[in-house]
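What follows is a short report on a single structure.
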């Protein structure tokens, strides 16, 4: 049966319209990726407009007024009643902080439709915390950070504030023990804030050796450093055994060993410096065993070339070592200096730049309240003077039963 000409024309026109709409839809989808603002002005662009609004999440100054956001989102929901992006922007427009609960009904529905709605997950996490639902809160954090690693910039600051709660720290420690992929990065982030360093260290200590060895080898050293720098000395000491081969005694000794030179132990290891006028490096004596420092300083040097951070209890101590200089200079000097980590100098040794090899010894006292200490090798060579080469080995710090300091 032959189709009449008018009917054929109508079918053809309908096909052309459908093809045109499909082409517009395809073009809009492509344009949404390339230029959301332009896509939002195209016919049937409610989805693109929602995508454009989503780009302003976290930037309240760029977000249109709430009524405009809601009008756009509702237009989208008329076509797609459960569009998670539309629900997500409605939750944000209701409360950009996600903390008041004003956008909870939109956020809750958005997260039920898609776990990848980052802001809604944050808002629902806030609701869980306010309700005292720690397991639910941490589960949400874990779910979204596993699915959206890029969401750390939004979630980490919020979670850092929650570390003040012991049960939150315990829950995160459990995730660390389970090797959740974001936890160690979060602890590093939190420890960079002096007010959160102690809490971050506490999480790591709670998880302990349940943290995979590779993670402990990578992350415990920097945590030790930040704990010491921010005055959490007990935590710094307790973290040392978490590193494979580590021992709390590293904070009580100045000996030159493979362990005390290993940067994996953070500030518990020797800190050797290199400047434009001086340098310190590890050196070996007989055989291949590293047991000495080789110190070089040229004219104009005024440098701390080696440092050892210590945790010695109050009392009297004796520092001894062997020191030799191949080119001693009358005006050059090298001394040991002991300071409180959070205070000033408490002692310095006699000169180490000598004509021949000999033992050097000095006695110093750690006063009460000086909980952390710093031992520095300070080298000075006046301008115009020849360079100095100094070798130091067999460094020891022993508790002295005598009193006072020299």
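The values are calculated or read from the model by the stated rules, or taken from the named source; none is laboratory data. Everything numeric here is computed off the predicted structure, so don't read it as measured data. Every residue, glycine among them, receives a Cβ derived from its backbone with ideal geometry; neighbour counts consider all protein chains shown.
What the table below lists for this structure:
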item	result
Entirely in segment 106-223, the helices (runs of 4 or more DSSP H) that have 1 or more residues that are closer than 21 Å to residue 95 by Cβ and modelled with pLDDT of 90 or more	152-162
Search result, residues across segment 244-272 that are in contact with a helix residue (DSSP H, G or I) (Cβ under 8 Å, 6 or more places away or on another chain) and in a helix (DSSP H, G or I)	248, 250, 251, 263, 264, 265, 266, 267, 268
Residue 87 buried (at least 22 other Cβ atoms within 10 Å of the Cβ), touching a residue at least 12 places away in the same chain (Cβ under 8 Å) and closer than 26 Å to residue 183 by Cβ	no
Breaking point among (1) in contact with a helix residue (DSSP H, G or I) (Cβ under 6 Å, 6 or more places away or on another chain); (2) in a strand (DSSP E or B), for residue 371	(2)
Cross-chain or 6+ apart pairs with Cβ under 7 Å, segment 96-119 first and in the same structural domain as residue 81 (by TED's automatic domain parsing) and surrounded by fewer than 20 Cβ atoms within 10 Å (Cβ to Cβ), then at pLDDT 85 or above and in a loop (DSSP other than H, G, I, E, B)	102/95; 113/82
Hits in segment 301-328 - residues which are within 11 Å of residue 379 (Cβ to Cβ) and part of a loop (DSSP other than H, G, I, E, B)	301
Restricting segment 279-296 to residues that are assigned to a strand (DSSP E or B) and modelled with pLDDT under 90, the residue that is farthest from residue 373 (Cα to Cα)	284
Residues satisfying the stated conditions in segment 147-184, i.e. surrounded by fewer than 16 Cβ atoms within 10 Å (Cβ to Cβ) and over 18 Å from the mean Cα position of the chain (by Cα)	147, 165, 166, 167, 170, 178
Candidate set: segment 255-290, residues that are under 24 Å from residue 241 (Cβ atoms) and touching a residue at least 60 places away in the same chain (Cβ under 8 Å); chosen: the one surrounded by the most Cβ atoms within 10 Å (Cβ to Cβ)	256
